[in-house]
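Before any comments, here is the structure.
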Amino acid sequence: MAAVTANGIRIEYEEAGKQSDPVIMLIRGLGTQLIDWPVAFIRGLAEKDYRVIFHDNRDVGLSAKFNDAGMPDFVDAMARASAGKKTGVAYSLEDMALDVIGLQDALGIESAHIVGISMGGMIAQILAGKHSERVQSLVSVMSSSGRPDLPAAAPEVIKALTAVPDDPNDREKIISLGTETLGIIGSPGFSESEEVRRKIYTARYERCYSPAGVARQMLAIMRAGSRVDLLKTISVSTLVIHGLDDPLVPVAAGKDTAANIPGASLEIIEGMGHNLPAALIPRLVDLIARHVKSVDKKET
């Protein structure tokens, strides 16, 4: 593992593949860490002759925390939003996009193929729309344009995501609740066992458990609003991937994202939910590698 100072803060990152290969930068979603990228996914892209760089977003993992901002008051935030008022945030998705550019600068990378999932897809969209000179191609996975009238997450998903353990200091209760949530948002066509889900969440908990950091990221998403107008300005080659059975970010969000990016390709995967199950890794690697290689060929 390694860390750099990027955009004025500490960013923890890892990489795989040869330094001389074209770069793919991966951006994780809400509350997840760089360890949440499946090893087979990273290895698969590296074996396609890409240098793969992936990092902890700010406020999670081993990257900088913004604890001075405290735990957000979501009741107040939603009330202010309903009244048309802005809510103070510790940082924005634009700030998180600048973290990626800062990481590029620190590693001497002029531009890269950008792959973002969920919140990471939102950050990737901002990079492609506002900093296109640093983006060779865009892949937005299980993400959204932020258009406010898109379908919301299923009620049971919202309940799971907002649930808190009876004892906020009880390791077993925290891990059990997280394991259950991973099952609720996962892929019905490619289900993972409780043992696998528990292993994923336990590793996440042991490395860094920061519920306030996750909440601050959530507030940044809420504050971001619609990116539809920005998406219409994106000129880099774009692939949108979305699960047909995503209970957290319904497939309509992926369709809307692709519809608003000029020339974007859309790949909808039946049975896929809001995760990267092992059974889908080879297909996802092939889709992404084929997309970025088509861009590389045009540039040579």
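Where a number appears in this text, it was derived from the coordinates with a stated rule and is not lab data. Model, not experiment: these values are computed from the prediction. Neighbour counts run over all protein chains shown; Cβ positions are idealised from the backbone, glycine included.
Couple of notes before you dig in:
- In this simple spin-label approximation, Glu47 and Ser191 carry label points 7 Å from Cα along the Cα→Cβ vector, and these lie 2.9 nm apart.
- Look at where the Cα atoms of segment 98-171 and of segment 5-20 average out, and the two centres are 17 Å apart.
- Label separation (Tyr209 vs Glu110): 4.7 nm, computed from points 7 Å beyond Cα along the C-beta direction.
- When the chain is reduced to its Cα atoms, the Kirkwood hydrodynamic radius in Å: 19.3
- Distance violations [Cα-Cα > 24 Å] among Lys130/Lys298; Lys65/Lys159; Lys173/Lys199: Lys65/Lys159
- Lys, Arg +1 and Asp, Glu -1 on Cβ, resulting dipole of segment 184-300 about Cα centre, debye, nearest 20: 380
- Cβ-based net charge around Gly213, under 11 Å, with every Lys or Arg adding one and every Asp or Glu removing one: +1
- Ranking of Met71, Met119, Met218 by count of other Cβ atoms within 10 Å, fewest first: Met71, Met218, Met119
- Each label was represented as a point 7 Å from its Cα along the Cα-to-Cβ direction; for Arg283 and Arg147 these points are 2.5 nm apart.
- Sorting Thr179, Thr5 by the number of Cβ atoms found within 10 Å of their own Cβ, with the fewest placed first, yields Thr5, Thr179.
- Of the beta bridges in segment 2-299, as assigned by DSSP with both residues counted there, near 25 percent are antiparallel.
- Here segment 2-299 is assigned +1 on the Cβ of each Lys and Arg and -1 on the Cβ of each Asp and Glu. Its dipole about the Cα centre then comes out at about 520 debye.
- When the chain is described by a simple charge dipole with +1 on each Lys and Arg Cβ and -1 on each Asp and Glu Cβ, the residue from Met272, Ile200, Gln136 located farthest towards its positive end is Gln136.
- Note: relative contact order over the chain, using C-alpha pairs below 8 Å and six or more positions apart, is 21 percent.
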